[in-house]
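The values are calculated or read from the model by the stated rules, or taken from the named source; none is laboratory data. Here the structure is a predicted model, which is why all the values come from computation and not from measurement. Every residue, glycine as well, gets a Cβ built from its backbone with ideal geometry; the counts of neighbours run over all protein chains shown.
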């Protein structure tokens, strides 16, 4: 079965956590909004979001079409894919644990977004720069160390001592750890140069994921959209003093 | 088996979504931080959060202990409980769908929280009042109608026409809808007096959930903590002009 991924075509954004899982699993998928032609492109995505009849209507991209099933919410898509593609433990407790970690990634991502949009997503960054500077300062001082400290502790305490976050093998939350480190380094290079050395385990995990052959092939391809100032991770030098 | 719920003792907060599910299921549970005595109280919760050995360490409350298993993240706890207590559809697609809706509740709750803390959770509301006024204005104008509009559409499109959000019976996301309406009315009575009439289906669902006998008994008991200005839903009149 060929999956259909629906996400904004010009950014990594939240869709990237799903793209990384599909790529790591070498799953057959089409990135609908990035294709042109019949039934493709952003209009195809908007038609589904605006459907007046769809019972399982997604609130926002990303969402995944798997046969007749439409699955929304990044972490929920990963829960679905993880079980099918060996990117999560097989037992129920293990699956819930990896999902719990992914939901903490979700929380972190929302806070990362709000460093540049603390007042309203409906306003431009330029209209909330002063507030963004305050929020980013607190974020870098308190929240990044708290989240990375937590994830590093989980990694260190994994009873499997596998070098992965949970269980003995690569799971989708490892892919998300890679993306968090990659994105934070893009958005906040100065702060991360200071913070990252305190989180050696996560940096090692990031490097190991980057070398996982299907991930390495993906990162070197044009399917990987470069970071830019439209996504979750944005580099505004004034927020990274 | 008696569940142990760990959450801050003085607020409804995120823990309330779990309390409502435990109560609706008439599950046997102890609200650990609200009890005194050996192994009880907030110190018992803090010991688990600060554990140097626990493999499945939660990032934050609420978390649930079920036998040897520790489960964190509100939506993940509900995923776990829903399957065990008939508060979610039995089939996998139905379970993912209810969970997807719950993750959209999670996003909404984060935005509700940030109306009074747009800059930093580490600062007092009083230190970010001006920014909170801006964020709350946008929230009431754009975000509440968007989220309630979405949830109302889902309710109306449920192919089971059951009057519940998903499938033919009460699920945990119906309980969360009740809590959202209840909390928004507490925090923003003026705005909700204007907005709620446009979302009649959700208001009817709220009323139906409130009359579900185990929920009604819970709401009338002293186990239900009143809303206050320490939780997610806070009534600051200046944010509800």
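Summary table below
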quantity: Residue check for residue A:110: more than 30 Å from residue B:66 (Cβ to Cβ), within 12 Å of another protein chain (Cβ to nearest Cβ) and surrounded by fewer than 23 Cβ atoms within 10 Å (Cβ to Cβ); calculated: no
quantity: Tally of residues being under 19 Å from residue A:15 (Cα atoms) and either out of contact with any helix residue (DSSP H, G or I) (no Cβ under 6 Å at 6 or more places or on another chain) or surrounded by fewer than 20 Cβ atoms within 10 Å (Cβ to Cβ) (or both) across segment A:96-107; calculated: 2
quantity: Residue count for segment A:144-173, restricted to those that are within 19 Å of the chain's Cα centre (by Cα) and outside any loop (DSSP other than H, G, I, E, B); calculated: 13
quantity: Strands (runs of 3 or more DSSP E) fully within segment A:18-103 counting 3 or more residues that are more than 9 Å from chain B (Cβ to nearest Cβ) and within 21 Å of the chain's Cα centre (by Cα); calculated: A:29-31, A:63-66
quantity: Which numbered condition residue A:148 misses (of (1) over 24 Å from residue A:80 (Cα atoms); (2) within 11 Å of chain B (Cβ to nearest Cβ); (3) buried (at least 17 other Cβ atoms within 10 Å of the Cβ)); calculated: (2)
quantity: Single condition residue B:35 does not satisfy, out of (1) surrounded by 15 or more Cβ atoms within 10 Å (Cβ to Cβ); (2) modelled with pLDDT of 95 or more; (3) more than 17 Å from residue A:92 (Cα to Cα); calculated: (1)
quantity: Segment B:113-127: number of residues that are within 11 Å of chain A (Cβ to nearest Cβ) and surrounded by fewer than 22 Cβ atoms within 10 Å (Cβ to Cβ); calculated: 7
quantity: Residues within segment B:116-143 that are under 20 Å from the mean Cα position of the chain (by Cα), assigned to a helix (DSSP H, G or I) and closer than 14 Å to residue A:135 by Cα, tallied; calculated: 1
quantity: Residue A:1 at pLDDT 95 or above, in a loop (DSSP other than H, G, I, E, B) and over 24 Å from residue A:210 (Cα atoms); calculated: no
quantity: Selection count where residues are closer than 17 Å to residue B:194 by Cα and loosely packed, with under 13 Cβ neighbours inside 10 Å, scope segment B:222-241; calculated: 3
